Amino acid sequence: MSRVKDIFRLLATQVKGEDYKMQRLFEFTDFLEKEGIAPTFHKIETAGTEPEVIINGKKVLMFSSNNYLGLALHPKVIAKAKEALEKHGLGPGGSRFLCGNIDILDELDKETAELVGTEDAVTLPTGYMANVAVFKAIMDPIIGIFPYRKGEGVIFSDEFNHGSIVDGCRLSYAEKVIFRHNDLSDLEKKLKRSSLRRHKMIVTEGVFSPWGEFAPLPEILELAKKYNAVFMVDDAHGVGAVGKTGGGAVEHFGLRGQVDIVMGSFDKALGGMGGFLASGKKLAEHLRVAARPNILSSAVSGVLAGGLIEAIKICRSEEGIKLRSQLSANADYLRKNFNTLGFKIVGNGEVPVTPVFIGEESKSIRLADRLLEYGIYSPSFRWPAVPKGESRIRITPMATHKKEHLDALLRAFGKVKEEFKL
Ligand SMILES: Cc1ncc(COP(=O)(O)O)c(C=O)c1O
């Protein structure tokens, strides 16, 4: 909206007596409505992490939960969470800097570090928080008192990195340079241009879930070493779901202990909630004080920590290995059959997420609504999370899905294929 138009509107709304301030705000939701892309927040009346859930009083199959291994309601996880709930109560009562540094969190930090193969880890209430914290902590560690001089810090970020990385970069004082998705030569070209900059950082996701693929971590690591950049991997969708012992994309590529910072989320394969920044000991000590949410916001609650410690133990055990192999078998079965049905599956088939390409936003929204009528829940995954016109139905299989669930999903897709002439 141009400035002149704004002034005219302000005058008009003053005459009409409307609340201009609010009207300006509501342009966002009006825009979403007009474009037909406003999100629907479906109310799930049972645990949303199970293969079968109730929505609007009707049983439907859940295909968009990130509870990849089915640990959210695992009896041993629930038992440990209950135990911790009895001991620690509902919340920690403050940040770790104040009263929230309950002993169980040290154990969670330690288990997390072991899971992803680092010396130490800092755990936080969400993965979003971890990403919002980390860039400022690395690029402007003195918390704004002595920010690096403008031009010293530069973050190289994959164009498809998650919104929480985008937000975190904005909060740092660093310049952000976007490189083309998984494009090593573009990254190197940009690193070369900035080779004299003192403070560099490269960030990529380990598993790009909407694209169903890994980032080329070994090659990016080489570039990080060559250009002396801090290397961070956001492995929210990889941790627990891939790698022999659930160590994520870093383990998958045999890079345990070689990446400077592994960021992850507990709300996906580990079935809980929370996030972490795992690294070497010295860097973790730095992050404990420089990551602002660790000082300024509540710690992870004891009840969550209790459940998560058990979830991590299961994830690394023989049982975890079996669950990952079931997850991978379910994903393979879906990909094979989607291909037979003639759907375009995004990605190279190496990661469990199975994004089915649809295209135009409003079409994928209508299609997801229709799937729901057929008893399948998987909302349209669309712009701005992916580029415009590239919406998809991101199917997230879980180890707990049975063959009958997968077949019901495929049958429903067979029906919408005809109806929507896909
Ligand atoms: C790649 C990536 N990073 C970070 C996050 C944020 O994690 P959390 O849900 O724990 O806040 C997500 C969540 O979807 C994600 O997909």
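The values are calculated or read from the model by the stated rules, or taken from the named source; none is laboratory data. This is a predicted model, so every value here is computed, not measured. In this analysis, Cβ positions are derived from the backbone assuming ideal geometry, glycine residues included, and neighbour counts consider all displayed protein chains.
Tabulated results
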quantity: Condition check for Val203: closer than 29 Å to Ser65 by Cβ, in contact with a helix residue (DSSP H, G or I) (Cβ under 8 Å, 6 or more places away or on another chain) and within 13 Å of the ligand (Cβ to nearest atom); calculated: yes
quantity: Evaluation of Phe156 against (1) within 25 Å of Lys268 (Cα to Cα); (2) surrounded by 14 or more Cβ atoms within 10 Å (Cβ to Cβ); (3) touching a residue at least 60 places away in the same chain (Cβ under 8 Å) (one fails), failing number; calculated: (1)
quantity: Residues satisfying the stated conditions in region 364-386, i.e. in a helix (DSSP H, G or I) and either buried (at least 16 other Cβ atoms within 10 Å of the Cβ) or assigned by TED's automatic domain parsing to the domain that holds Pro210 (or both); calculated: Ser364, Ile365, Arg366, Leu367, Ala368, Leu371, Leu372
quantity: Any hit, region 243-262, residues being away from the ligand (no atom under 14 Å from the Cβ), hydroxyl-bearing (Ser, Thr, Tyr) and either in contact (Cβ under 8 Å) with a residue 24 or more places away in the chain or out of contact with any Lys or Arg (no Cβ under 8 Å at 6 or more places or on another chain) (or both); calculated: yes
quantity: Residue within region 394-402 that is in a helix (DSSP H, G or I), over 26 Å from Glu33 (Cβ atoms) and not β-branched (Val, Ile, Thr) present; calculated: no
quantity: Test: Ile165 is at pLDDT below 95 and farther than 21 Å from Ala311 by Cβ; calculated: no
quantity: Val15 modelled with pLDDT under 75 and either assigned by TED's automatic domain parsing to the domain that holds Ile365 or of a type in the set (Val, Ile, Thr) (or both); calculated: yes
quantity: Qualifying residue in region 265-280 (condition: over 20 Å from Met139 (Cα atoms), part of a helix (DSSP H, G or I), within 15 Å of the ligand (Cβ to nearest atom) and not aromatic (Phe, Trp, Tyr)); calculated: no
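Results for (1) out of contact with any Gly (no Cβ under 9 Å at 6 or more places or on another chain); (2) more than 20 Å from Ala81 (Cα to Cα); (3) away from the ligand (no atom under 16 Å from the Cβ), shown as yes or no for each residue.
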| residue | (1), (2), (3) |
| --- | --- |
| Arg96 | yes, no, yes |
| Ile104 | no, no, yes |
| Leu108 | no, no, no |
| Glu111 | yes, no, yes |
| Val116 | no, yes, no |
| Leu124 | no, no, no |
| Ala130 | no, yes, no |
